[in-house]
Amino acid sequence: MATPPASGPAPATRPPQLPQTSAAARSPRRPAPATHEGSRRKASWRDPEGVAISATTRDDAADLARALREKIVAGERKFEDVATEESDCNSAKRGGDLGPFERGKMQKAFEKAVLALKTLPAYRKQQPIGSRNLAPFSNNPATYAHRPPGLLFVLLLLLSLPPPPPPRISRSRFSPTSPPSTPFSSSSPQRHADTATACGGDVSPATMGASSSTGNPSPEAHEQREQETLASASLALPLLRAAFSRSADSLAEALSPPPAAFRSDSPSAVPPPHFHDLLARIGPAIASLYFSDVDSAGDAGWLGFLRGFNRCCARMPASQSLALLLRVYAAACADAGAPCGLQFHPDEDGAGGEGKVVGELAPGEIAVLLCMCWVMAWSGAAPRVSGGQEGDKREPMVLPDVTHLVLSALVLAGAVADDAGVWGWEASGGGKGVTVQEFTSWVLSTAAGLGNCLSRYVQERFRSCTADPAGERSVSTGNTSSCTPDVYLLTRGRAWAISLSLRNTLSEKFLSASVIGMDTEDLLYRSSVHGKGLSRFWSCVEGYKGPVLILLSAYSSSSGQNVDADRRWGIGILTEEGLENKDTFYGSSGFLCSTYPIFRMIPPSGKEKNFIYCHMHPQIRVYGAKPKPAGLGFGGTNGNERIFLDEDFSKLTVRHHAVDKTYQHGFLIPNQGYLHVEASVLDVEVWGLGGEAMRRQQDVYKKREDIFSEQRRKVDLKTFGNWEDSPEKMMMDMISDRNAVRREDR
């Protein structure tokens with residue numbers, strides 16, 4: 001009697017052997033299912049060379065797939081046999097079974113089709129959400145579609161499914177004021193689909209793609225949400241809406257700088273020609289170029305306002321933001337009748353881009369452009385006053401000297417030689433200019449902050465008109481030293497140049513100094529006041545742990561061969577940490593800069609860390625075979641520093657950048673040459689940039705040191721003349737009986 005079969009699942013059968021079919025035996029006219037000339041991989045186990053696959057079109061592969069599907073549905077052939085004989089995927093060895101896979105492992109189209117299936121095997125209900133373990137199935141046409149049989153079935157399944165409905169965008173998803181939704185929140189449609197599938201329910205593609213929105217938004221609404229999201233990254237949306245409601249009818253006036261009079265740093269000099277007319281045209285130029293779509297105060301005007309704001313203030317490359325600034329300058333010059341060598345060429349394809357700015361900038365035009373950018377920075381950083389407090393008693397503002405910046409651009413472009421002519425050079429004297437490409441290269445390498453000038457200005461104007469619409473047109477000039485010229489080495493023009501070259505938090509500190517002047521309490525040391533010498537220098541800066549700026553003014557002696565004699569020049573050192581008395585180099589970051597007559601900023605190279613050397617002779621000097629030099633050094637090595645200031649602050653030595661691996665290459669002195677330069681020191685300044693907190697910390701440190709010094713100076717008069725404690729008695733006792741055990745009594 002035959003034994004009845006045991007209950008339970010049937011044992012797994014061995015996969016059928018693949019027929020030995022070569023690529024040459026397959027006719028190119030008989031396309032391989034799901035693999036064609038447009039496939040990413042044009043080779044398979046059946047056709048390693050890809051001869052038949054390359055000769056197969058997508059339409060031929062689709063026709064064959066439909067024919068095979070009809071035979072499987074009709075029951076004429078088994079799916080395993082079709083996959084084994086016809087599929088080009090490696091899953092043909094397993095009868096078309098792909099095995100288990102997780103979310104994100106397959107192509108998105110295939111994964112979406114699998115998730116859209118209506119039924120799954122019963123054992124699937126006990127599996128965790130997120131896993132896909134689809135087991136083999138029978139020939140039942142109602143259930144065969146639950147098994148992913150490789151690339152062949154991917155095409156069959158995609159051909160059988162209807163096209164997916166268009167996605168519905170939720171209003172809360174693009175609203176910048178709503179909190180961002182998490183990928184696995186309970187309201188996610190994909191999460192609902194996984195939960196329903198795990199429970200064995202029906203999940204259709206329409207249900208999975210459903211959204212909480214009641215209908216598809218219009219293109220204008222969709223664009224408005226995108227523009228709001230982009231604008232909220234630069235300025236808060238409530239503030240933008242308030243600025244739009246108050247300035248929609250007068251954008252040109254809202255974007256204009258506050259009314260003020262300006263004069264040059266010299267009392268006898270006058271501002272550049274057409275300068276005040278140029279400043280009055282800044283607001284209309286920005287409004288006409290970038291806010292021309294704002295035609296009303298309704299939703300249409302709000303969308304145009306957002307477009308214009310994003311064109312000015314959205315995050316973009318520095319070269320593109322500089323091109324926007326040059327367009328504003330060219331338009332303002334054209335309205336004011338000022339000379340300008342810039343032209344704007346729109347895109348030839350009419351794609352609606354920003355176009356291209358071409359032409360040449362003369363030295364005088366560069367100076368006017370830089371002064372205009374400083375006024376734009378001044379309008380946002382100057383302190384505000386009430387509308388009618390000062391009236392007509394406002395004194396004219398002093399424009400900073402930008403000659404060193406103009407010379408920097410001209411020397412980099414090769415328009416001016418780096419020789420003796422830079423000391424007597426004036427921007428009003430004319431000369432060869434620079435092209436827009438050369439000016440852009442100089443900005444990106446030396447004054448990167450100019451690229452953000454327009455964006456900062458537009459944002460500050462909108463903040464200003466929103467915060468105080470009645471008195472926002474008035475700017476205080478009482479704390480800006482408008483009547484007195486610059487008396488320190490850190491002039492406002494040099495402070496602004498340093499702020500343009502930095503890309504850290506210190507940039508705001510120098511920008512404020514260029515507008516309202518540096519706080520004199522931040523001046524830690526000045527040789528003309530505190531006296532020259534390293535000891536006096538150290539008594540003023542000891543204990544200060546914040547960033548400092550050291551400025552040196554010197555001139556070359558008549559015997560100098562590398563630089564022009566009797567010419568004054570200035571250099572600076574910016575370090576982000578305090579000074580320490582060490583006989584070795586230390587520091588983690590720093591910058592070298594040439595402040596006069598040409599401005600250059602030399603950042604660190606990252607190769608070495610010999611940033612600062614500050615060493616004083618000890619009070620008790622000892623003999624050393626190679627004593628360490630006493631003084632201040634920056635870059636290079638001991639005895640071969642790139643900048644070295646001696647102990648008496650009388651001689652300054654500047655060496656070629658070839659001896660230094662800490663800072664990048666660049667000349668600090670005009671016509672420097674390859675030999676070292678020795679110059680006489682005129683003045684030294686040290687500015688603390690750490691603010692009030694660092695000053696208080698230094699005061700605490702000095703008070704503690706004063707207490708310790710006072711304690712060390714005190715002498716106990718009772719025991720001063722006691723014979724028992726004198727060194728003479730101790731030496732006599734040691735000579736009389738040196739082996740005696742003695743104990744000191746205290």
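Below is a table of values for the structure above.
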| quantity | calculated |
| --- | --- |
| In Hz, Karplus ³J(HN,Hα) per residue of segment 320-330 (6.51, -1.76, 1.60; θ = phi - 60°; x = Gly, Pro) | 6, 5, 5, 5, 5, 5, 5, 5, 5, 5, 5 |
| Simple spin-label estimate for Lys714 and Trp45 in nanometres, 7 Å along Cα-Cβ | 9.3 nm |
| Estimated distance in nm for a label pair at Glu608 and Lys71, the labels positioned 7 Å out from Cα along Cα-to-Cβ | 7.8 nm |
| Extension gain (nm, one decimal) between Glu460 and Lys108, 0.36 nm per residue minus Cα-Cα | 122.2 nm |
| Inter-probe distance in nm under a simple model that places probes 7 Å from Cα toward Cβ, at Ser528 and Glu253 | 4.6 nm |
| Extension reserve of the Ser650-Ser726 stretch, reckoned as 0.36 nm per residue once the Cα distance is removed | 22.9 nm |
| Listed pairs Lys661/Lys702; Lys626/Lys651; Lys628/Lys729; Lys532/Lys582; Lys432/Lys661; Lys626/Lys714 exceeding 30 Å between Cα atoms | Lys661/Lys702; Lys628/Lys729; Lys432/Lys661; Lys626/Lys714 |
| Residues whose placed amide H lies under 5 Å from that of Lys651, excluding near-sequence neighbours | Asp646, Val681 |
| Candidate lysines for bridging to Lys509, where Cα separation is under 23 Å - those fewer than 8 sequence places away on the same chain excluded | Lys545 |
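Every number in this text was worked out from the coordinates using simple rules, so none of it is lab data. Since we're looking at a predicted model, the values are computed, not measured. Ideal geometry is used to build each Cβ from the backbone, glycine not excepted, and the neighbour counts take in all protein chains shown.
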